[in-house]
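The values are calculated or read from the model by the stated rules, or taken from the named source; none is laboratory data. Since this is a predicted model, take the numbers as computed values, not measurements. As a convention, Cβ positions derive from the backbone with ideal geometry for all residues, glycine included, and neighbour counts pool all protein chains shown.
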Amino acid sequence: MLAHHVLFWLKADTTDEQKVAFRKSLETLNGVESVKSLHIGTPAPIERAVVDTTYTFSLSILFEDLAGHDVYQVHHLHTAFLDEFRSLFEKVIIYDAH
C-alpha cells in the first residue's frame, strides 16, 4: 500500500467559486483506475500547537503499490487538474509513504 497525501495552500485572492471548482476537480481524481480510496478535506477545528491548520485543502489517496501511484501521476485526470488549477497554488506539500 502507498499513501499519497497532498496539502494545498491556495492564494489569498482565490474566490469561493474557484474553491468549489477546485474541490470538484479533486473529486474527479477518484476516476483514476489505480486509486483505491480518496479523501478530500479542509482543516479540522482542532487547536493544538502540533496541528497545522493553515492549508486550504488536503487530498489523501491510497494506491495498491508504487506502480499505481505512477499510473496516477501521468493520468489525464491528474494532468488536467494540474493544468487547470496550478495557478491557484500558493504552496503545495506532498507526503508519500508506504
So, of the residues in the stretch 1-41 that are farther than 19 Å from Thr79 by Cα and charged (D, E, K, R), which turns out to be nearest to the chain's Cα centre (by Cα)?
Lys11
Only one of these conditions is not met by His75: (1) surrounded by 15 or more Cβ atoms within 10 Å (Cβ to Cβ); (2) closer than 20 Å to His98 by Cα. Which number is it?
(2)
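This table checks each residue for (1) free of Cβ contacts under 8 Å to residues at least 40 places away in the same chain; (2) among the acidic types (Asp, Glu); (3) within 14 Å of Ser25 (Cα to Cα).
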site: Pro45; (1), (2), (3): yes, no, no
site: Asp65; (1), (2), (3): no, yes, no
site: His69; (1), (2), (3): no, no, no
site: Asp83; (1), (2), (3): yes, yes, yes
site: Leu88; (1), (2), (3): no, no, yes
Among (1) at pLDDT 95 or above; (2) in contact with a strand residue (DSSP E or B) (Cβ under 9 Å, 6 or more places away or on another chain) - the single one His78 does not satisfy:
(2)
Check Glu84 against each of (1) closer than 19 Å to Asp13 by Cα; (2) out of contact with any helix residue (DSSP H, G or I) (no Cβ under 9 Å at 6 or more places or on another chain) and name the one condition it does not meet.
(2)
Please find, within the stretch 28-64, the residue that is nearest to Thr14 (Cα to Cα) out of those that are acidic (Asp, Glu) and surrounded by fewer than 12 Cβ atoms within 10 Å (Cβ to Cβ).
Asp52
I'd like to know if the stretch 84-93 contains one or more residues that are loosely packed, with under 13 Cβ neighbours inside 10 Å and over 16 Å from Val6 (Cβ atoms).
yes
Could you list all residues from the stretch 1-23 that are farther than 15 Å from Leu82 by Cβ and either without any contact (Cβ under 8 Å) to a residue 24 or more places away in the chain or small (Gly, Ala, Ser) (or both)?
Ala3, Ala12, Asp13, Thr15, Asp16, Glu17, Val20
